[in-house]
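> First, the structure itself, so that you have it in front of you.
The values are calculated or read from the model by the stated rules, or taken from the named source; none is laboratory data. This structure is a prediction, so every number in the text was calculated from the model and none was measured. Note: accessible area is taken over every heavy atom of the protein model, side chains too, but ligands, DNA and RNA are not part of it. Shrake-Rupley method; radii C 1.70, N 1.55, O 1.52, S 1.80 Å.
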Amino acid sequence: MEKDLDKVIEEIMATPNVSGCLVADYQGLCLAATGDVHVDSAGIIVAISEQACKLEPNLKPPTVCLETDKRQCLIQRHGTITGAIYKLKA
Amino acid sequence: MVDDLRKYLNHLLEKVNGLHCILITDRDGVPLVRAVTERAPQLALRPNFISTFGMATDQAGKLGLGRNKTIISMYPSYQVIQMNKLPLVITFIGSDNCNTGHILSLESQIEPFLKDLAAVVVDAP
């Protein structure tokens, strides 16, 4: 059932510098998580994207980039699905 | 201590959109600490509703999957998330479209306060 999702995640993980990937539904429940990602962060990731959407409600959901010393977390919402990609800083 | 915890729970209530109340009770549904907004359904705050979780979690533990930790109940306009922290039970009630994952992640933030509270419940006659 989740073969397509697994394939997408595999592709993302094959990208250079990507250390983890998480996909969550609109209720903040984790659909898939691979790499150096904590499953419990699914709810918070969805909440962050929801808050960011409120900045410009008439436009497409924005991509949120959270930056730390070592990693970047990119959060993007698409319909009811929210994805987060963790990248190592080059 | 209870006042501080209540303030903290109220703070958590504001952080999650659509979350109506957080209750910490014993396994009989007797409230120890509660943070409630006016949107919370009064029927769901009663001990006879909350105490059914005690039985449900015991039964769920018999499925052979290990000890039951959480039960999420979805209703047409509410969702109820109950966590097994026996002798304590944490109950969250939110709207049906509330962020379930965000509520689940509050567990780690409430957990540090539960040790003292659990000791009080265990010592009670």
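> Mind ranking B:11, B:102, A:38 by accessible surface for me, highest first, 1.4 Å probe?
A:38, B:11, B:102
> Could you state the per residue volume, in Å³, of the convex hull enclosing the Cα atoms of the range B:74-125?
74
> Now for a different question. Express the relative contact order of chain A as a whole percentage, based on alpha carbon pairs under 8 Å and six or more residues apart in sequence.
Computed over chain A, the figure is 28 percent.
> A follow-up question, please. Could you tell me the extents of chain B's C-alpha atoms along the three principal axes, largest first, rounded to whole Å?
35, 34, 26
> Sticking with this structure for a sec: Counting helices only, and only those DSSP H runs with n ≥ 4, report the 222 nm mean residue ellipticity of chain A as the sum of -39,500 (n - 2.57) divided by its residues, in deg cm²/dmol to the nearest 500.
Counting only the DSSP helices, I get -8000 deg cm²/dmol.
> To the nearest 10 square angstrom, how much accessible area does residue A:10 have with a 1.4 angstrom probe?
Spelled out: residue A:10, probe radius 1.4 Å, area about 130 Å².
> Rg/Rh for the protein assembly as shown to two decimals, with Rh computed the Kirkwood way over all alpha-carbon pairs.
1.02
> Let me ask something else about it. I need the per residue convex hull volume for chain A, using only the alpha carbons, in cubic angstrom as a whole number.
Normalising the Cα hull of chain A by residue number yields 99 Å³.
> Kindly provide the helix-only [θ] at 222 nm of chain B, computed as the sum of -39,500 (n - 2.57) over DSSP H runs of four or more divided by all residues, to the nearest 500 deg cm²/dmol?
After summing the helix terms and dividing by the residues of chain B, the value is -11500 deg cm²/dmol.
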